[in-house]
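The values are calculated or read from the model by the stated rules, or taken from the named source; none is laboratory data. Because the structure is predicted, anything quoted here is derived from the model rather than measured. Cβ coordinates were reconstructed from backbone atoms using ideal geometry, including for glycine residues, and neighbour counts include every protein chain displayed.
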Amino acid sequence: DWAVSLDQLPYYKRDVAKAKELLKEAGLEKGFKLSITASPAYPEFISIALVIQRQLKDVGIEAVLDQVEWGTFITKWRERNFDSFVSYNASGNDPDRALWAALHSKGTVNAFQFSNADVDKLLDQGRVVVDRAKRIAVYKDAQIKIAEQAPLMFLYTRTEYVAYRDVVQAFKLNPVDPFRNIIDTWIK
C-alpha cells in the first residue's frame, strides 16, 4: 500500500554522454576522485561498491574503495566522515520508520545530509495524519519528491529468512530486526 510503483517513480537512466556533459558544465571534465566506504561485514556491500566504482570510471570519476570493519564504518557514518558509502536502511511496516529519520532535515540518521523543505513538510505531515488513505497519499508524494532529488540510490530490498524448530517458544519475528525479540524466546 505504501510504496509508489516503479513505473510511477521518476528515475535517472544511465547516460554516460549526459553525465560527461554535466561534469563538463560543472568544471569537472577531467573527473575527480572520491571514496566509497563499505564494510566486508556485508559482502554484498563490497560487490555493490565495485559495480559503482566501475560505472563511475566510465565518466572519468576515480572511485576508491574504502573497506573498513563494521565498527569503523559506524564511526565514520556517525561522524559523516566519508565521500559516499554503501549500507542499508531497515524499514519495517510503516514508511515513517524508514523515511523520517534518514531523509528529514532533522532526521537522526540523515547521513546524506539531505535537506529539502518540501520533503520535510510531507514527512512531518505523514506523522500526524490519522486517515490511512491520506497518509498513503502523503508518503507517495514524499517518495516521488525524494526520487526526483536522488540524494541516495535505493538498490534493492533484502529478504530475510528465518527457520526454527517447534521446540522454540515465544519467538516473534520482527520485520526490522528478526532477532529483536530473542530475549523473550525459550526452548521447550
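Would you tally the residues in segment 36-71 being buried (at least 16 other Cβ atoms within 10 Å of the Cβ) and of a type outside the set (A, V, I, L, M)?
7
Would you please name the residue that is nearest to ASN110 (Cα to Cα), looking only at residues in segment 154-181 that are surrounded by 11 or more Cβ atoms within 10 Å (Cβ to Cβ) and modelled with pLDDT of 85 or more?
My answer is PHE171.
What do you reckon, is LEU65 part of a helix (DSSP H, G or I) and not small (Gly, Ala, Ser)?
no
Give me a count of the residues in segment 19-28 that are assigned to a loop (DSSP other than H, G, I, E, B) and either of a type in the set (Lys, Arg) or surrounded by 12 or more Cβ atoms within 10 Å (Cβ to Cβ) (or both).
Of all residues in segment 19-28, those assigned to a loop (DSSP other than H, G, I, E, B) come to 26-28.
Now narrow it down to the ones that are either of a type in the set (Lys, Arg) or surrounded by 12 or more Cβ atoms within 10 Å (Cβ to Cβ) (or both): 28.
Here the count works out to 1.
Please work out which residue is farthest from the chain's Cα centre (by Cα), limiting yourself to segment 1-21 and to residues that are over 26 Å from ASP66 (Cα atoms) and among the aliphatic types (A, V, I, L, M).
Among residues in segment 1-21 that are over 26 Å from ASP66 (Cα atoms) and among the aliphatic types (A, V, I, L, M), the one farthest from the chain's Cα centre (by Cα) is ALA17.
When you scan segment 72-94, do you find a residue that is among the acidic types (Asp, Glu), over 27 Å from PRO178 (Cα atoms) and either touching a strand residue (DSSP E or B) at 6+ places or on another chain (Cβ under 8 Å) or surrounded by 15 or more Cβ atoms within 10 Å (Cβ to Cβ) (or both), even just one?
Checked against the condition, which is being among the acidic types (Asp, Glu), over 27 Å from PRO178 (Cα atoms) and either touching a strand residue (DSSP E or B) at 6+ places or on another chain (Cβ under 8 Å) or surrounded by 15 or more Cβ atoms within 10 Å (Cβ to Cβ) (or both), segment 72-94 yields at least one hit.
Only one of LYS106, LYS30, LYS76 is touching a residue at least 12 places away in the same chain (Cβ under 8 Å), within 30 Å of LYS140 (Cα to Cα) and of a type in the set (D, E, K, R). Can you tell me which? Spell out the reasoning first.
Details: LYS30 fails: within 30 Å of LYS140 (Cα to Cα); LYS76 fails: within 30 Å of LYS140 (Cα to Cα).
Unique residue meeting the criteria: LYS106.
Just need a number here: residues in segment 1-15 that are part of a loop (DSSP other than H, G, I, E, B) and touching a residue at least 60 places away in the same chain (Cβ under 8 Å).
8
Tell me yes or no: at least one residue of segment 35-45 is over 23 Å from THR157 (Cα atoms) and at pLDDT 95 or above.
yes
In segment 35-55, how many are out of contact with any Leu (no Cβ under 8 Å at 6 or more places or on another chain), of a type outside the set (S, T, N, Q) and assigned to a helix (DSSP H, G or I)? Working first, answer last.
Applying the first criterion (out of contact with any Leu (no Cβ under 8 Å at 6 or more places or on another chain)) to segment 35-55 yields 37, 39-45, 47, 51-52, 54-55.
Now restrict to residues that are of a type outside the set (S, T, N, Q): 40-45, 51-52, 54.
So of that shortlist, the ones also assigned to a helix (DSSP H, G or I) come out as 43-45, 51-52, 54.
Qualifying residue count, segment 35-55: 6.
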